[in-house]
Structures are given as structure tokens and as C-alpha cells.
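The values are calculated or read from the model by the stated rules, or taken from the named source; none is laboratory data. Being a predicted model, the structure only gives us computed values, none of them experimental. Note: ideal-geometry Cβ built from the backbone for every residue, glycine included; neighbour counts use all protein chains shown. Remember, those area values only see protein heavy atoms, side chains included, never the ligands or the DNA or RNA. Shrake-Rupley method; radii C 1.70, N 1.55, O 1.52, S 1.80 Å.
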Amino acid sequence: MKILGIESSCDETAAAVVEDGRTALAGTVASQADVHALYGGVVPEIASRAHCEAICGVVKETLEKAGTDINGIDAVAVTYAPGLIGALLTGVSFAKGIAYSAGKPLVPVHHIRGHVAANYIAHPELKPPFYALVVSGGHTSLMKVTGYTEYESIGQTRDDAAGEAFDKAARVLGLPYPGGAAMDRLASAGDKNAICFPISHVDGSRYDFSFSGLKTAVINCVHTAGQRGETLTETRRADIAASFTDSLVRSICCRVEALYDDRGALPLVLAGGVAANSHLRRGLSELAERRGVKLFLPPLSLCGDNAQMIASQGYYEFVSGSVAGLSLNAYATKQA
Ligand code: KG4
Ligand code: ZN
């Protein structure tokens with residue numbers, strides 16, 4: 001069964017064709033990162049307009065690359081939540097139009113479930129149940145995936161997402177948006193013990209995350225140096241990046257550690273844009289090794305927003321009977 005997936009929840013316009021949830025036949029991503037870099041972050045109205053301009057071409061190119069046309073597709077899956085509302089509506093409206101005109105079923109897909117499903121493409125042996133840790137620009141969530149369409153929330157961020165903290169730290173260190181990947185490289189050159197950044201504890205939950213304190217601490221660290229008239233050397237910037245990253249990784253790993261202290265030893269699946277971070281991957285790999293837990297990491301090519309993951313999850317949503325009518329709406333926030 002071939003599913004056309006469409007993703008437009010933030011600043012990537014993406015389409016893909018995936019067979020039976022596991023085999024990616026084609027995928028295209030049109031990134032708006034360069035446009036938003038001018039403003040240091042995503043400008044929602046510009047994102048919506050850029051999706052409108054790109055979506056026809058991206059879908060057309062994807063169907064061609066997959067060696068098919070819309071008639072060779074069994075269902076159209078689209079991200080309907082969560083994300084920027086105008087950006088989501090572009091993809092949802094386009095998906096409704098193409099599904100209706102071709103007489104194909106329309107399948108709504110939750111973006112976070114999509115991120116997790118990127119691992120189904122990369123790891124044919126992966127099947128629920130497992131724990132999923134989704135770490136992206138907009139979300140940090142720990143979940144139990146009991147079935148392909150059955151999600152139980154275990155913990156989530158009380159304030160900023162990990163990716164948001166990475167992007168703000170990168171910005172204050174003078175790196176261009178989105179700064180996650182550049183922070184990753186800068187941190188590799190620094191000393192993680194140079195500065196003691198906080199590791200948050202959240203009252204009332206062993207599994208909820210909080211990154212706003214860490215974000216403020218790194219901003220204050222750089223601003224204080226500026227107020228003292230200090231120029232940050234390349235070494236000092238690398239030390240700040242390394243120390244910040246170490247605190248963030250340890251604050252994620254201690255939640256996962258608590259989960260394995262308290263509950264059964266299911267496999268762990270990492271997903272989301274920040275899953276590309278080499279320090280987080282190493283921290284979780286060490287944890288999994290220590291605990292004797294099987295860890296599934298997505299390939300770097302499927303960590304950030306893409307439509308292969310939406311088409312993959314779309315397949316499982318479709319076979320579970322989740323089909324939407326033309327009244328399908330988009331939602332800026334929604335539980336996975
Ligand atoms: O999943 P994603 O593409 O979009 C959302 O659903 O939010 O995640 C984007 C986020 C951005 O904050 C970006 O800076 C971050 O993922 N990111 C990274 C790395 N690569 C991307 N953060 C840390 N290290 C990386 N290597
Ligand atoms: Zn995402």
C-alpha cells in the first residue's frame with residue numbers, strides 16, 4: 001500500500017511516498033531555513049506563504065521520483081497537529097484538495113507520532129511496545145508506545161523544548177538560525193566541565209522536563225561577559241556550548257534513567273530534530289548499554305521534519321481505520 005505523506009507544520013514543506021509504512025520510495029524537503037535565518041527564528045506568516053508557494057512543486061516532484069502519479073497512491077496522509085496553525089492549514093488544505101479530486105482517503109497524522117515513525121523506516125525490526133523520547137524544536141516528550149496508534153504520555157516539557165534552548169543558546173553565541181547543528185560542532189571543541197550550568201528538577205514529576213532555566217543561564221553567561229567588556233574567544237564559546245550541551249543531555253538522560261528505575265525495560269526509541277545531536281546520541285547510547293536496553297536511533301536524514309515519517313505513520317493510522325472527511329481541521333496543540 002502506497003501512502004503519499006505531506007508535512008508543513010513548521011518551516012519545511014515536505015512530501016514523500018512510503019510503501020507499507022516501512023519502505024520510502026521518494027521524499028522531498030523544501031526548507032525555508034534561509035528565509036527565517038534573516039529574522040533569527042521562524043516567522044509564522046512568512047512560513048505559511050512559503051508553504052503555499054512550494055507545496056505543489058514538492059508533491060509533483062515526489063510523485064515523479066516515486067515513479068507514479070496520484071492514481072497510483074492508496075491514501076493521502078497529512079500532518080494536522082501540532083505546529084504553526086497557518087503552516088499546518090496549508091498542508092491540510094492541499095491534502096484535502098488532492099485526496100478529494102483523486103478520490104483517495106485522507107489520513108490525519110500527529111507530527112510527534114510521525115517523528116517516532118521515522119524509526120520504522122530505518123529499523124524494519126522495530127515494533128511497539130517501546131518507550132519513545134521525542135526531542136525537537138517544539139517538543140520534548142517521553143511516551144510509552146503500546147501500539148502503532150496507541151500512545152501514553154509519561155513526561156513532557158513544562159516550558160521550552162530542548163531544540164528551542166539549543167536555538168537560543170546558538171543565537172546568543174552568534175551562530176545562525178537554526179543553530180542546533182552548529183552548536184553540536186562547537187560543543188565538540190569545548191570543555192564540558194568549564195561552566196556549571198543548572199540541571200532542572202520539576203516538582204511533582206520525575207519525568208517532566210524543563211529547559212527555560214538552562215536557556216536563561218546560558219543567555220546570562222554570555223550577557224554578563226559582554227557587560228564586563230570581555231570578548232568571548234573561540235575557546236570560551238566552545239566551552240559554553242559544551243557545558244550547556246552537557247547539562248541539557250544530562251537532564252534528559254536522568255529522566256530516562258528514572259523511567260528505567262521505575263518501570264519495565266522496554267526498548268528506547270529516539271526521535272525529532274534534536275535526535276541528530278551527537279552528544280545526546282552518545283549519552284543515550286551509554287545509558288542503554290549500562291541498562292542493557294535496546295536503543296533505536298533515527299538516521300540523521302530522518303531526524304528533522306520530513307514527510308517519509310508522516311507517510312509511515314499514515315499507513316498505520318489508515319490500517320487502524322483513521323480516515324478524515326473534508327471537515328478535518330488543523331490544531332496548533334494536541335496530545336500525541
Ligand atoms: O523536529 P524538528 O525538525 O522540528 C520540530 O518539530 O520542532 O526539530 C528542529 C530542531 C531545531 O531546534 C534545531 O536546532 C534542532 O532540531 N537540531 C539540533 C541538531 N540538529 C537539529 N539540535 C541539536 N543538535 C543537532 N545536531
Ligand atoms: Zn518536527
Item to complete: Please determine, in degrees from 0 to 90 and to the nearest 10, the orientation of helix 278-291 with respect to the longest principal axis defined by the Cα atoms of the chain, where the helix direction is its Cα long axis.
Response: 90
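Just the number, please: Stokes-Einstein D of the chain in µm²/s, Kirkwood Rh from C-alpha pairs, 25 °C, 0.890 mPa s. Show your work: numbers first, answer last.
Values: Rh = 20.3 Å.
Estimated diffusion coefficient is 121 µm²/s.
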Worksheet item: For the pair Asp20 and Asp261, how long in nm is the line joining their label points, each one 7 Å along Cα→Cβ?
Response: 4.3
Worksheet item: Could you give the angle, 0 to 90 degrees to the nearest 10, between helix 44-65's Cα long axis and the longest principal axis of the Cα atoms of the chain?
Response: 50
Practice prompt. For helix 85-102, report the angle its Cα long axis makes with the longest principal axis of the Cα atoms of the chain; keep it between 0 and 90° and round to the nearest 10°.
Written response: 20
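Counting Lys +1, Arg +1, Asp -1, Glu -1, what net charge surrounds Ile70 among other residues with beta carbon under 11 Å of its beta carbon? Before the final figure, lay out each step's value.
On the way: positive: Lys2, Lys60, Lys104; negative: Asp69, Asp74.
Taking every Cβ under 11 Å from that of Ile70, the sum is +1.
At 1.4 Å probe radius, can you tell me the per residue accessible area of the range 259-322 in Å²?
On the way: 2440 Å² over 64 residues.
I get 38 Å² per residue for this part.
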Fill in: Dipole of the chain [Lys/Arg +1, Asp/Glu -1 at C-beta], most positive-end residue of Gly155, Leu302, Gly229
Gly155
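Using the per-residue mean of other Cβ atoms lying within 10 Å as a proxy for protection, in what order, highest first, do the peptides 33-44, 263-274 fall?
The densest-packed peptide leads the list: 263-274, 33-44.
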Fill in: Thr233-Val202 pseudo-label distance in nm [points 7 Å out on the Cα-to-Cβ vector]
3.9
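With all distinct Cα pairs included, what does the Kirkwood hydrodynamic radius of the range 226-319 come out to in Å, to one decimal, could you say? Could the numbers behind the result be given before it?
Details: mean 1/r = 0.0632 Å⁻¹.
Across the range 226-319, the inverse of the average 1/r is 15.8 Å.
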Worksheet item: In deg cm²/dmol and to the nearest 500, what is the mean residue ellipticity at 222 nm of the chain if only DSSP H runs of at least 4 residues count, each as -39500 (n - 2.57), divided by the residue total?
Response: -14500 deg cm²/dmol
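Return the tail of the calculated pair distribution for the range 1-121, meaning the percent of Cα-Cα pairs more than 17 Å apart. Intermediate values should be presented prior to the final figure.
Values: 3813 of 7260 pairs.
Counting every Cα pair in the range 1-121, those more than 17 Å apart make up 53 percent.
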Item to complete: Report the charge-dipole magnitude of the chain in Debye, nearest 20, computed about the Cα centre from +1 at each Lys and Arg Cβ and -1 at each Asp and Glu Cβ.
Response: 340
Worksheet item: Peptides 317-328, 205-216, 223-234, 73-84: what's the order by average Cβ count within 10 Å, highest mean first?
Response: 73-84, 205-216, 317-328, 223-234
Discussion item. I'd like the distance between the alpha-carbon centres of the range 317-336 and the range 17-60, rounded to an integer number of Å.
Written reply: 20
Worksheet, complete the sentence: Here the gain from full extension of Glu289 to Asn71, 0.36 nm per residue of separation minus their alpha-carbon distance, amounts to 73.8 nm
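Once the piece of chain linking Ala33 and Ala102 is laid out straight, how much longer is it, given 0.36 nm per residue of separation minus the C-alpha distance between them?
Once the chain is fully extended between Ala33 and Ala102, it gains 21.6 nm.
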Fill in: In Hz, Karplus ³J(HN,Hα) per residue of the range 325-331 (6.51, -1.76, 1.60; θ = phi - 60°; x = Gly, Pro)
x, 6, 7, 3, 10, 9, 10
Worksheet item: Give me the Kirkwood hydrodynamic radius of the range 265-319 in Å, from all C-alpha pairs, to one decimal place?
Response: 12.4
Worksheet item: Within the accessible area of the range 126-269, what % is carbon and sulfur when the probe is 1.4 Å and the other protein chains stay in place?
Response: 48
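Charges at C-beta only: +1 for Lys and Arg, -1 for Asp and Glu. How large is the resulting dipole of the range 93-155 about its Cα centre, in Debye rounded to 20?
On the way: 5 positive and 3 negative charges, 41 e Å.
Dipole size: approximately 200 debye.
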Practice prompt. Could you work out how far apart the two model spin labels at Asp191 and Arg158 are, taking each label as a point 7 Å from the Cα in the direction of the beta carbon, and quote it in nm?
Written response: 3.3
Practice prompt. With unit charges on the beta carbon (Lys/Arg positive, Asp/Glu negative), name the residue among Thr62, Gly72, Phe94 whose Cα is farthest towards the positive pole of the charge dipole of the range 49-100.
Written response: Phe94
